[in-house]
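Trainee: What follows is a single structure, and I will ask about it in a moment.
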Amino acid sequence: MSTYCIVTDERRCISCKACEVHCKVKNAMPVGIKLGEHFTEGPVPGPNGAPLYRTLYMPCFHCEQPECVDVCPTGAMTKREADGIVHVVADDCIGCGACLEACPWHIPQWNEDGDKAVKCDLCMDRIDAGLKPACVTGCTTHALALVGQDDPRYEEQRKRAPQRVLAER
Amino acid sequence: MLNQISNGRQTPEAAMAGRQQVYSVCGMCSVRCPIVVEVEDGKAVRIEGNPKSPLKGSLCARGAAGIALEMDTERPQRPLIRVGERGEGTWREASWDEALDYVAGKLKDITAAHGGRSVLFSDRGGPFVDLHQAFMRGLGSPNYCNHDSACARNVQHAAKSVMGIGRKEVVYDYRNCKHLVLQTRNILEAINVAEANAVLDGMEKGCKLSVVDIRATYTAGKADNFYMVRPGSDLAFNLAVIHVLINEGLYNKPYVEAHVQDLDALARHVATCTPQWAEGETGVPAAAITALARQLAEAAPNVIWHPGWMVARYDDSFHVCRTAYIINALLGSIGAKGGLPIANKPGDVGRKGLKKLVDLYPAPEEKRADGVGWRHTQFDGGPGLINLAYDAIATGDPYPVKAYICYRHDPLMAMPDAEAMKRKWEGLDLLVSVTFSWSDTAWHSDVVLPLSTYLSRESIIASKGGLKPQFFVRKRAMQPTLDTKADWEILCGLARRLGMDKLAFDRIEDIWEYQLQPTGVTMADFDAKGFVELCDAPRYREDAELKFATSSGKLEMISPKWTKAGEPSLRPYAAPPAPPQGMFRIAFGRTALHTQGHTVNNPLLAEQMPTNVAWINTARAAELGIADGELLEVLDARGTAAGRIRAFVTDFVHPEALFMVHGFGHRLPVESRARGKGVADQDLMPGGLERYDRAGGGISMQEHFVAVRKAAARA
């Protein structure tokens, strides 16, 4: 994983989908493409029978050994040395779609506007400017956080989120 | 272009990216959250919550999608004047000069024949209405209205009847609250961003949340206590809570002694309203109601029983709101930190308020066409009751109303029975819509004056009361992409043509300068944060400072004003009728993704939520053989189908209710993304324009029954 990841505080998340919209606006993504996806399950009965909603925002996990990088024939899909952010160098992408097939989480998306692969890069331009990813900054209730490896939520996210995403899908 | 934008400023990060940042105010809903707009080459490219405000960058999905509104061409692109029949959708395009000349000419003819009072205006309320009210005064008309009879009138009047002050003259102090009760207030889906954060912050500090609703909203999903009440039985629930507080002696005795009038009458009124009785009415176990009352007493006075927001729902909604205020009164939370402290105006913190534009002209002496203030003496004159003004159009009683200007307001979607409303409007010689999006009302108008979006228009300076009162202002972040104009450009342009010279401002800067005259604040003071706070620290009042604006100076369990109007302050509970066999009570509400009907065609928000679904209880669905996700037709009480919608089958909606999010079911051909998606609840309320809460003035939109059938059965 990259040295950061985005975690969802379910106690604060209100399933408003602002994360997805902030992401789309910042990255100028057309209708049909979501670089990060928000899941809500519910209402389901909670421990005391009261209603409960389970929520999770899933941008790219920025894998330790990203399969999308391995299959990319041109090196356009790149893992940044400094912090492990996996991103597309657009000029090098030939639009073969191998990364879309390879990713077990279906993270890379096909952007017809330019015929290239696109994916979450944690808003690395913002991170490099000392800012947070657009989804984190804009989150309506500050339920999303960008955390580093020293944060206990980082490990929890790495273990738990992929399983939850599989369950949702 | 960049250096033409007023209030332009740059952070190091934005400078790196070649972007300018403009502090402004969101306009995607009526909350008006503070925002900062990133502008590149003269175009807004990204919006976030104003980082210098309590939002700290956060902004809801609608706010985030604002640029998609500005860039959308499926909205009125230039002034339009109707050439066919009303509602037919045939127009001729006009220049702004031609359109404003046309409207002003019609207004001159109408007012010459029928007087200034024959002009009606409605908006959706909020902090910028001083300009609208000034325009109406300039015309000599008392008939300024807002949308509120289809929203919060019952709360407003309940507040007045108990406290003598309006609902916005108290603050909800969520961050210091220990127990919050939400009833008819879906606070995490009908979002005010600052408020949602304050509630969650309070809960992180240990505030308990109790939710009373007919279904499990996202808000209910966070609750410590959730009470799924029978639709229309909230008053029984509240009376039982009052019963326990009084009978068990749990109310705040010193506070009540000092500040509550007629406790004895209240005690007699609730004597038989036991929790056991309420269990039979509401379906909530008696023990749970008793436990809630005890929990509240423990947390008092740091309790907020929210009186509701959009409460135009039942025939007794006014009394539901009243009992909410009464419970707060018994717990001593009105005026208390962590409860409902009194909001401060500029004068309360030793400052001067804005100079009002409305003071440019004398108040009209004429009585209101809607009867408010003279026929209906208990109601607030300010925004009146728009639905009753329509009666005056139809009947000429008390006098003819011949022109109607809808500003950013779509009554045909906001209120029941559009066909009945259109028939009443047949008496109008002029119907004008000032709007930034298409709407049923704009489509039915004689003239459409396209308003610039909030990103490409300025607004007048607004004053906001609170623990720390403030002034704030909307700046233009970019120039309009279509041939649209700002509200002040439109109204001042009409004022000039009508000879209302005092309101014929040429520049927004001149309006701002006029407003700021007495305040000691200059426009430069807004540069640092986009708003100006009028004191340094929140100001709470001491108990000894509490005096209420009622005739007794106390919180009134019996309001002489309502008594005089023939409305009892303590109305006995009347159980709502059960739906006829096989039918449901229509219920509607909000989503965080849309603002009623006017964002449904926004490309980014339509992608997120293109349609609504019908919540139906699992057992009821099983009886009718309806599966989750199945396509249904919904029929009104006369058996007329209102459209198709998919079933969402869940245990977490009351069996008597059929719930849907409001705002869908658009039919206009000019809205490709919204057209034909989902069902409009207001289409399911035949005769609903006549049905309103006589004591509070709110339209009773959930007093209607509907049926469903599988859509396939139609063939």
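Trainee: Note down all Cβ pairs under 8 Å where the first residue falls in the stretch B:376-401 and is at positive phi, the second is at pLDDT 95 or above and basic (Lys, Arg), and they're at least six residues apart or on different chains.
Mentor: B:384/B:368
Trainee: Now, a different point. Taking into account only those residues within the stretch B:177-199 that are away from chain A (no Cβ under 13 Å) and over 13 Å from residue B:216 (Cα atoms), which is most open to solvent (accessible area, probe 1.4 Å)?
Mentor: Here the answer is B:178.
Trainee: Out of all the residues in the stretch B:353-375, which are among the hydrophobic types (A, V, I, L, M, F, W, C) and touching a helix residue (DSSP H, G or I) at 6+ places or on another chain (Cβ under 8 Å)?
Mentor: Result: B:354, B:357, B:358, B:360, B:363, B:369, B:372.
Trainee: If you don't mind, there's one more thing I want to ask. Any idea which residue in the stretch A:21-45 is modelled with the lowest pLDDT, counting only those that are within 7 Å of another protein chain (Cβ to nearest Cβ) and closer than 14 Å to residue B:68 by Cβ?
Mentor: In this case the residue turns out to be A:31.
Trainee: Just to be sure I understand, how many residues within the stretch B:552-567 are touching a residue at least 40 places away in the same chain (Cβ under 8 Å) and closer than 20 Å to residue B:373 by Cα?
Mentor: Looking only at that region, the number is 7.
Trainee: While we're on this one: Go through the stretch B:401-439 residue by residue and tally those that are closer than 22 Å to residue B:132 by Cβ and assigned to a loop (DSSP other than H, G, I, E, B).
Mentor: 12
Trainee: Right, next: Considering each of A:142, A:106 in turn, give the residue that is out of contact with any Pro (no Cβ under 7 Å at 6 or more places or on another chain) and either away from chain B (no Cβ under 14 Å) or part of a helix (DSSP H, G or I) (or both).
Mentor: A:106
Trainee: If you don't mind, there's one more thing I want to ask. How about the stretch A:46-81: which of its residues are away from chain B (no Cβ under 14 Å), at pLDDT 95 or above and not in a loop (DSSP other than H, G, I, E, B)?
Mentor: Once the filter is applied, which keeps residues that are away from chain B (no Cβ under 14 Å), at pLDDT 95 or above and not in a loop (DSSP other than H, G, I, E, B), the stretch A:46-81 yields A:67, A:68, A:69, A:70, A:71, A:77, A:78, A:79.
Trainee: Right, here's the next one. For the stretch B:602-642, which positions are in contact with a strand residue (DSSP E or B) (Cβ under 7 Å, 6 or more places away or on another chain) and over 30 Å from residue A:50 (Cβ atoms)?
Mentor: Answer for the stretch B:602-642, where residues must be in contact with a strand residue (DSSP E or B) (Cβ under 7 Å, 6 or more places away or on another chain) and over 30 Å from residue A:50 (Cβ atoms): B:631, B:633, B:635, B:636, B:637, B:641, B:642.
Trainee: Just to verify a result, which residue in the stretch B:279-333, among those that are of a type in the set (Ser, Thr, Tyr) and outside any loop (DSSP other than H, G, I, E, B), is surrounded by the most Cβ atoms within 10 Å (Cβ to Cβ)?
Mentor: B:317
Trainee: Answer yes or no as to whether residue B:501 is over 30 Å from residue B:680 (Cα atoms), open to solvent by 30 Å² or more (accessible area, probe 1.4 Å) and acidic (Asp, Glu). I'd like the intermediate steps shown before the answer.
Mentor: On the way: over 30 Å from residue B:680 (Cα atoms): yes; open to solvent by 30 Å² or more (accessible area, probe 1.4 Å): yes; acidic (Asp, Glu): yes.
Yes.
Trainee: Could you check residue B:46 against (1) assigned to a helix (DSSP H, G or I); (2) among the charged types (D, E, K, R); (3) within 9 Å of chain A (Cβ to nearest Cβ) and say which number it fails?
Mentor: Unmet for residue B:46, out of (1) assigned to a helix (DSSP H, G or I); (2) among the charged types (D, E, K, R); (3) within 9 Å of chain A (Cβ to nearest Cβ): (1).
Trainee: When the residues of the stretch A:152-167 are filtered to those that are within 16 Å of residue A:10 (Cβ to Cβ) and of a type outside the set (A, V, I, L, M), which remaining residue is surrounded by the most Cβ atoms within 10 Å (Cβ to Cβ)?
Mentor: A:157
Trainee: Would you please list the contacts, defined by Cβ atoms under 7 Å and residues six or more apart or on different chains, that run from a residue in the stretch A:110-138 that is more than 14 Å from chain B (Cβ to nearest Cβ) to a residue that is in a helix (DSSP H, G or I)?
Mentor: Cβ pairs passing all conditions: A:110/A:100; A:116/A:90; A:117/A:99; A:117/A:100.
Trainee: Can you work out which of the residues in the stretch B:70-111 that are within 14 Å of another protein chain (Cβ to nearest Cβ) and open to solvent by 20 Å² or more (accessible area, probe 1.4 Å) is farthest from residue B:482 (Cα to Cα)?
Mentor: B:74
Trainee: Go through B:216, B:223, B:240 for me and flag whichever is open to solvent by less than 10 Å² (accessible area, probe 1.4 Å) and within 11 Å of chain A (Cβ to nearest Cβ).
Mentor: B:216
Trainee: Looking at the stretch A:20-31, which of its residues are touching a residue at least 40 places away in the same chain (Cβ under 8 Å) and open to solvent by 10 Å² or more (accessible area, probe 1.4 Å)?
Mentor: A:23, A:25, A:26, A:27, A:29, A:30
Trainee: Can you say whether residue A:10 is in a strand (DSSP E or B), more than 9 Å from chain B (Cβ to nearest Cβ) and open to solvent by 40 Å² or more (accessible area, probe 1.4 Å), as far as the supplied structure shows?
Mentor: In short, no.
Trainee: Would you pick out the residues in the stretch B:202-217 that are without any contact (Cβ under 8 Å) to a residue 60 or more places away in the chain and out of contact with any helix residue (DSSP H, G or I) (no Cβ under 9 Å at 6 or more places or on another chain)?
Mentor: B:204, B:206
The values are calculated or read from the model by the stated rules, or taken from the named source; none is laboratory data. Just so we're clear, the structure is a prediction, and the values are computed from it rather than from any experiment. Heads up, the Cβs are rebuilt from the backbone with ideal geometry, glycines too, and the neighbour counts pull from every protein chain shown. Only protein heavy atoms, including side chains, enter the accessible area calculation; ligands, DNA and RNA are left aside. Shrake-Rupley method; radii C 1.70, N 1.55, O 1.52, S 1.80 Å.
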